Amino acid sequence: MFVYADNAATTRIDPDVVKAMMPAFDELYGNPSTIYSKGREAREQVELAREKVAKAINCLPREIYFTSCGTESDNWAIRGIAEHYAAKKGKHIISTNIEHHAVLETLKAMEKEGYRVTLLPVNEEGFVTARQVEEAICPDTVLITVMTANNEIGSIQPIREIAAVAKEHNVFFHTDAVQAVGHIPVDVQDLGVDLLSLSGHKFHAPKGIGALYVRRGILPDNLLYGGGQERRKRPGTENIPGILAIGAAIEKATANLERDMAHVSMLRDRLLNGIRQTIPHCKINTPTHDCLPGTVNVSIKYIEGESMLLMLDMNGICATSGSACASGDLDPSHVLLAIGLPHEVAHGSVRFSFCAENTVEEIDYILEVLPKIAARLREMSPLWENVNK
Ligand SMILES: *Cc1c(COP(=O)(O)O)cnc(C)c1O
C-alpha cells in the first residue's frame, strides 16, 4: 500500500486543477499586458482567477496580488510594510518563535539591518495569546506577524483577537495563513488582518504560485521592481498556468470545505486514538483544541525520527520527522523545542498530515505498521533497555 501522509509539506495536484491549467499550455499564451485580443484573453482569465481567490477569503479582487510562493508573500509582507512605514512608526517587529522559516529568516536578516525583533514564546500546546502580543507592543512597533496555523503541530492562533489588539494600537498585522487557506475557513474581514499570505501547492495547486492579500489603503514597498504587473506592486510577466490553477484549486477547496474538514479530522482522531492505544511512551504534540483538521504530530520516545521515516518509507508511507528538513540538517525542529520538548524527544517525533483524498483504510494501515516499527527500533535502543529494567 502507498500512503501519502505529508500534505503539510505539499499536496498532489488535483486532476480538476490540471484541467483548469491546460489552456495556458495551448491557446492561452498571450502576454496579459498586451492590448490585442490574444493578450486580453489571458488578462481576462487572470482576473477571473483573482476573483476566485478574493471570494474564497472574502476580500476585493484588487486586494489580491499573485506571487511565486508563500515564501515570497511572507518576505514581501514583512519587508514591504517595515520598509514603507519604519520612518514614521519605528523599527520594532513582533512575531512568535514557531513561525515558518520564511518568516523567521526574514526577521533574522532584518535584525542585521537595524530592526528590533521580539519573538513571543508559545505555551506547551503551541499557542500565543493576544495579551502577550499586547504586552510586547512598544511605541516603535511597526508590524506584528503571527501565523494562522502552524505547519508542524497544527496549532491555530487566536488571530481575530491579535488583530483587534494590533488595530487598537495602530500597528500593522500580517498573518502567514499558508497552512490554513483551503483547510479551515479563512475570512480576512472576520479576522481583521491587514495582510495574509497563502500558497497554492498546500491546497492541490502546483508549486510556484502564491498570493498576498493586502488590505486596500495599505502600501507595502515592493520586494521586486520592474514592469507594471499586479498594479505595479509585483512586477514580472504573470504565471498564467499557476494563476489558473490557484483559482480553480481555491474554488474547489472552499466549496467542499466543511465536508473535507469533517472527513480529515475523523482520520486524524482515528490515528491519534490508535497511537494512544498501541504505542506506549508517546507524547502527542498536536493540541487537543484549535488544531488543523489534518495534522498529527507525535513523539515516540527512545527512538530516532529519521530511522522511523526510513522504515515508514520502506512500507510505502510518506511522513515527516521533527528534525531534518529541506536543509538536510539534523537540528531538532524549533517548533518542538518551543513547546518544551527535550532534544531527544523532539528527535523521535513524526508528523502525518492528511487531506480529503486520504482514507480510513490508509489510517488503519499506518496503525498496523507504526507500532511494529516503534517496537523494532526500541529493541535496538540502549535507552529503551533502561526503561524496561
Ligand atoms: C509551506 C509554507 C510556507 C512556504 O510556502 P512556499 O509556497 O512553499 O514557499 C510558508 N509558511 C508556512 C506555514 C508553510 O507551511
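Tabulated values for the structure
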| read-out | value |
| --- | --- |
| Within the chain, percent of DSSP bridges classed antiparallel, to nearest 5 | 55 |
| Cα centre as origin, Lys/Arg/Asp/Glu Cβ charges: segment 183-312 dipole, Debye | 100 |
| For the chain: rounded, prolate or oblate by the Cα gyration tensor [a/c cutoff 1.5] | oblate |
| Segment 15-255: relative contact order in percent, alpha carbon pairs under 8 Å with at least 6 residues between | 28 |
| Span-like helix ranges in the chain, DSSP H, alpha carbon extent 27 angstrom or more, Kyte mean at least -1.0 | 37-57, 70-89, 257-278, 360-379 |
| Candidate aspartates and glutamates - alpha carbon under 18 Å from Lys38, same-chain residues fewer than 8 apart omitted | Asp26, Glu27, Glu47, Glu238 |
| Convex hull of segment 152-241 built on C-alpha atoms - directionally averaged projected area, nm² | 7.1 |
| Residues Met380, Met311, sorted so that the one with the fewest Cβ neighbours within 10 Å comes first | Met380, Met311 |
| 20 Å Cα-Cα reach of Lys112 towards aspartates and glutamates, excluding residues that sit fewer than 8 places from it in its own chain | Glu72, Asp74, Glu83, Glu99, Asp140, Asp221 |
| Segment 122-278: C-alpha pair distances exceeding 23 Å, % | 49 |
| Separation of alpha-carbon centers, segment 149-201 and segment 228-280, rounded to whole Å | 15 |
| Counted charge near His347, where neighbours are those whose Cβ lies closer than 12 Å (Asp, Glu -1; Lys, Arg +1) | -3 |
| 24 Å Cα-Cα threshold exceeded, pairs from Lys88/Lys233; Lys52/Lys91; Lys202/Lys301; Lys88/Lys108; Lys108/Lys283; Lys55/Lys89 | Lys52/Lys91; Lys202/Lys301; Lys108/Lys283; Lys55/Lys89 |
| Ascending count of other beta-carbon atoms within 10 Å, so fewest first, for Trp384, Trp76 | Trp384, Trp76 |
| Within-13-Å neighbourhood charge of Phe127 [Cβ basis; K, R +1; D, E -1] | -3 |
| Cα pair distances in segment 257-387, grouped into 10 Å bins until the bin that holds the longest one, percent each | 12, 44, 35, 8, 0 |
| Computed helical MRE - 222 nm, the chain, DSSP H runs ≥ 4 contributing -39500 (n - 2.57), nearest 500 | -13000 deg cm²/dmol |
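The numbers here are math on the coordinates, done by the rules we state, and not lab data. Keep in mind that what you see is a predicted model, and the values were worked out from it rather than measured. Methodologically, a virtual Cβ is constructed for each residue, glycine included, from the backbone with ideal geometry; neighbour enumeration extends over all protein chains shown.
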